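The values are calculated or read from the model by the stated rules, or taken from the named source; none is laboratory data. All values reported here derive from a predicted model rather than from experimental measurement. Here the Cβ positions follow ideal geometry from the backbone for every residue, glycine too, while neighbour counts run over all protein chains shown. Surface accessibility is based on the protein's heavy atoms, side chains included, excluding ligands, DNA and RNA. Shrake-Rupley method; radii C 1.70, N 1.55, O 1.52, S 1.80 Å.
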Amino acid sequence: DRESLPGSRFVCTSLPLDAAGAGCPLPPVPMQGGALPPEEELKATVLQLRETVLQQKETIGSQRDAIRELTGKLSRCESADGKSATGTWKKELGKGKDTMGDLPRDPAQVIDQLSRTMQTLKDRLESLEHQLRANVSYAALPNDLREMLQRRLGDLERQLLSKVAELEDEKSLLHNETSAHRQKTETALNALLERVSELEKGNSAFKSPDEFKVSLPLRTNYLYGKIKKTLPELYAFTVCLWLRSSASPGIGTPFSYAVPGQANEIVLIEWGNNPIELLINDKVAQLPLFISDGKWHHICITWTTRDGMWEAFQDGEKLGTGENLAPWHPIKPGGVLILGQEQDTVGGRFDATQAFVGELSQFNIWDRVLKAEDIMNIANCSTNMPGNIIPWVDNNVDVFGGATKWPVETCEERLLDL
């Protein structure tokens, strides 16, 4: 009886597919004459056991992969102690010996080693299951894992909502700033459009009261400008003005001063093919001035009753001088100053053939003879000297008959003519 033999073992062998019957195979019965040698039986047994071990190894490998996946998921939730426990698993997993190496040559040792390996694997699996259950219960910590995740999700949601609110605030602020900038731009554009409209209409609201010109574009007897102030009695004077004209023949009459009883008290005229002339009390002096080239020119004329001495300046240079022009005659007060027309009576009876055609500006009168240095400084725009008797200011000049006033800076326009 084999059960009574000490150290006896049962060996299971696989049956071929065409073997009859099912269930566990019966122990092999030794046959006389056809039995395998013990060495061959052991060899076959060892091969079967080795195949079984390989299958177990594959099973263990798949279980180990599942355990690693679970361990990875749990490691994101566990505390430092949980991480230590995971490290402990890894250490324990690495304690086993490599049983897949070369097998001992002794069949008895092979069988013992396989038995021990199987038991070790079983123990290790039970240990892993126990540690896994312990770790899951430990990872939950004092609070439930679901509550902890919900809290974290709630925190993330609040942070997200806060960030969205900040972005909305920034968007609103940017929109407000853009609207304010657009409003400022529209205001500036509207102001410019209003200014352009004023200039197109010939509005006299100039940036400086003296930066304007009177335009007389046609040779008629009804376009003219009038100086509101009149002259006192004068024993000397200086008259300066800017003018631009290309009319022919002759530019006409830039200005005239008439008093009762004398329509030609002071007149500057270029009529027909005659040279430009200065009339004082109907007395005449021809001036060596050349101003009909269509460019801005600065003209100054000085006169004194003493010996009737006169001077003529063009663009700051003295071009002519003379005497005996209405000597010892004082200029009479209370008359009318007209720009652009020659008067045959006080303030009227204009002749279109004597009308000025062009533009006038900076018409000033002083009650003295200005120095040549002062005249040069005025002409080259290095000084500003309004006339002390008649200054060139907007509210002192009226225009009639279609004459217009326009803003102008004569020094800047003169530079364009050079």
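Near G340, once Lys and Arg are set to +1 and Asp and Glu to -1 for all other residues with Cβ below 15 Å from its Cβ, the sum equals 0. At full extension, K171 and E147 could sit 5.1 nm farther apart than now, given 0.36 nm per residue minus the alpha carbon distance. Under a 5 Å amide H cut-off, with hydrogens placed 1.01 Å from N, R368 pairs with T238 among residues at least 5 apart or on other chains. Surface composition of the stretch 148-203: carbon plus sulfur atoms hold 58% of the accessible area, using a 1.4 angstrom probe and ignoring ligands, DNA and RNA.
Residues with beta-carbon under 15 Å from that of L325, excluding L325: net charge, scoring Lys, Arg +1 and Asp, Glu -1? Net charge around L325: -4. Take every Cα pair under 8 Å in the stretch 326-387 that's 6+ residues apart, average their separations, divide by the length, and report that relative contact order as a whole percent. Relative contact order here is 19 percent. Segment D374..E194, full-extension length gain: 60.9 nm, with 0.36 nm per residue of separation and the alpha-carbon distance subtracted. Summing Lys, Arg as +1 and Asp, Glu as -1, what charge do residues with Cβ under 11 Å from the Cβ of Q286 carry, Q286 excluded? Neighbourhood net charge equals -2.
Maximal additional length on extending the V284-A352 stretch stands at 22.4 nm, based on 0.36 nm per residue less the C-alpha distance.
The 3J(HN,Hα) values that the Karplus relation (6.51, -1.76, 1.60; θ = phi - 60°) gives for the stretch 153-161 are, in residue order, 4, x, 4, 4, 5, 5, 4, 5, 5 Hz. Gly and Pro appear as x.
Per the Debye calculation on the stretch 345-418 with a single equal scatterer at every Cα and no solvent contribution, log₁₀ I(q)/I(0) for q = 0.11, 0.27 Å⁻¹ amounts to -0.40, -1.35. Mean separation of Cα pairs under 8 Å and 6 or more residues apart, divided by the residue count, gives the stretch 212-417 a relative contact order of 35 percent.
Computed with a 1.4 Å probe over protein heavy atoms only, the accessible surface of the stretch 148-203 comes to 92 Å² per residue.
Between amide H atoms placed 1.01 Å from N, distances below 5 Å from F363 occur with W242, all of them 5 or more places distant or on a separate chain. Using a probe of 1.4 angstrom, how much of the accessible area of the stretch 212-417 is carbon and sulfur, in percent? Reported share for carbon and sulfur atoms: 50 percent.
In sequence order, the stretch 374-384 has phi-based couplings of 5, 4, 4, 5, 5, 5, 8, 6, 8, 8, 10 Hz under the Karplus curve 6.51 cos²θ - 1.76 cosθ + 1.60, θ = phi - 60°, and Gly or Pro positions carry x. Working note: Karplus 6.51/-1.76/1.60 with θ = phi - 60° gives the stretch 293-307 the couplings 9, x, 10, 5, 9, 9, 10, 10, 10, 10, 8, 9, 5, 5, 6 Hz, where Gly and Pro are set to x. The amide H of D351, built 1.01 Å from its N in the peptide plane, has E342 as neighbours under 5 Å, considering only residues 5 or more places off or on other chains.
Express in whole angstrom the spacing between the alpha-carbon centres of the stretch 327-341 and the stretch 214-247. Comparing the Cα centres of the stretch 327-341 and the stretch 214-247, I get a distance of 12 Å.
Classify the stretch 212-417 from the C-alpha gyration tensor, please: rounded if a/c falls under 1.5, else prolate or oblate depending on whether a/b exceeds b/c. Rounded, because the longest to shortest axis ratio a/c is under 1.5.
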